[in-house]
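Inspection log for the structure reproduced underneath, given as structure tokens.
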Amino acid sequence: MTYDLVIRDGRVDGAPVDIAIAGERIAAIGRGLEGAAELDAGGRLASPAFVQPHIHLDKVLTGPLLGPNRSGTLAEAIAISHRVKRAATVEEIRARAGEVIRAAVIAGTTAIRSHVDVDTIGGLKGLRGVAAARDDHADLCAVQLVAFPQEGIWRDPGTDELMAEAMREGADVVGGMPHWEDGLDAARRHIAFCLDLAQRCDADVDMHVDETDDPYWRSFEILVEEADRRGWGERTTAGHLCAMAGWDDDYAAAVIHRAAAAGVMVATNPPTNLMLQGREDFEPRRRGIPRIKELLAAGVIVGAGQDCVDDAFYPFGTADPLQVALIVAHAAQLGTPDEIAAALRMVTADAARLLRLPEYGLLPGARADLVVLDAATAREALREQAPRRWVLRGGRVVAETRVERRLHRG
Ligand SMILES: [Zn+2]
């Protein structure tokens, strides 16, 4: 049998195999498979394509338009973004978002979940701009849109109406930011509002939760309880969860186990949170990340996101999930072979669970969304930030990278 395309000698689980593709799907994995076209991977690592579970495409590349975030805090980042958010146009957002989507695809990404601000400052411009960029790049990458109340819902009157409008206009997922409200009671009402909306729209939920060092904030527990009570746990993701680092150990363990039982998932965003959190600590400084090892040990699905690319929150970032995985590995101290594999899953299979992508994976029948890395092992791929030799989406090569390095000696 001759398949449409065969990736020959790709390394999967430590052994070389051929990956045969028919149409948009993986048809077979084995040895000696024949293809009408072939890519010789030559022992390079073959992986399911990267998935970006948490990014803000409406804000990317606004850094040059802003003044510096002098305190380095989340609060100042939100405040200095207001002017740019007010002045932004749909077309300008579309262009910036498109530039980062293309970079993400070249880095091996074929699915992205983007939060977009929904508030009375920018209205629905963020949603419309990123939706246009999504449509522009539909051949390269799938983009999910999260309606995100960055300024709070009760603190920014009118946002409740805008959130409902965003879902009517085609946002896929209901976002949230309960810790931005004035205390836990308002946070509880914020969470209830978002879950009501999600249930009405039959949508998943993906909130920014406790993105603060202040251990007073325990809205994760409220979200887990409320999502579980409504049977929405497996459709709920909690992002950031920085305050968890400051909780006492027994409380954190109890909430983590509750989240695992409810099926609630977590998106950690160490690039941005290492930059933003712990700014009011002296030493020791908190890292601003959740208890990743404990979450993994409890069986919670954890994805790792870029969050920000050159904006008020974070001055760096290239929308490269392999860079995110390396930063996660440092932040959460993931260094054994199993832990390195877990770091890579956070930007592949586990991130795909957060997006609830059907037909994802490196197995027959799955969509042929794949990346071939210029490395033999996961560790080498992370250590060398290996070039992405080929990126395939639906069986078609959508990007390739060749790097030429030369050393000249006297
Ligand atoms: Zn975020």
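Structural remarks
- Extreme residue, least open to solvent (accessible area, probe 1.4 Å), among residues of the stretch 194-237 that are among the aromatic types (Phe, Trp, Tyr) and either within 16 Å of the ligand (Cβ to nearest atom) or touching a strand residue (DSSP E or B) at 6+ places or on another chain (Cβ under 9 Å) (or both): PHE220
- GLY108 open to solvent by less than 30 Å² (accessible area, probe 1.4 Å) and modelled with pLDDT under 95: no
- In the stretch 279-308, the residue that is least open to solvent (accessible area, probe 1.4 Å) out of those that are in a loop (DSSP other than H, G, I, E, B), more than 20 Å from MET177 (Cβ to Cβ) and of a type outside the set (D, E, K, R) is VAL300.
- The set of residues from the stretch 331-348 being part of a helix (DSSP H, G or I) and either at pLDDT below 95 or closer than 30 Å to LEU65 by Cβ (or both) comprises just one member, ALA331.
- Summed over the stretch 26-61, the residues that are farther than 24 Å from TYR360 by Cβ and either touching a His at 6+ places or on another chain (Cβ under 9 Å) or crowded, with 24+ Cβ neighbours inside 10 Å (or both) give a count of 3.
- Meets criteria (within 16 Å of the ligand (Cβ to nearest atom), in contact with a Phe, Trp or Tyr (Cβ under 9 Å, 6 or more places away or on another chain) and more than 22 Å from GLY303 (Cβ to Cβ)) for ILE21: no
- One residue alone among LEU140, LEU124, LEU66, LEU145 is more than 14 Å from the ligand (Cβ to nearest atom), open to solvent by less than 20 Å² (accessible area, probe 1.4 Å) and aliphatic (A, V, I, L, M), and that residue is LEU124.
- Considering residues of the stretch 254-291 that are touching a strand residue (DSSP E or B) at 6+ places or on another chain (Cβ under 6 Å) and not polar (S, T, N, Q) only, the residue nearest to the ligand (Cβ to nearest atom): ALA267
- Matching residues in the stretch 351-410 - criterion: being part of a loop (DSSP other than H, G, I, E, B) and among the charged types (D, E, K, R): ARG356, GLU359, ASP369, ASP374, ARG402, GLU404, ARG405, ARG406, ARG409
The values are calculated or read from the model by the stated rules, or taken from the named source; none is laboratory data. If you're wondering where the values come from, they're calculated on a predicted model, not measured in any experiment. All Cβ positions, even for glycine, are placed from backbone atoms using ideal geometry, and neighbour counts span all protein chains on display. The protein model used for the area step is the full one, side chains on, heavy atoms only, and it has no ligands, DNA or RNA in it. Shrake-Rupley method; radii C 1.70, N 1.55, O 1.52, S 1.80 Å.
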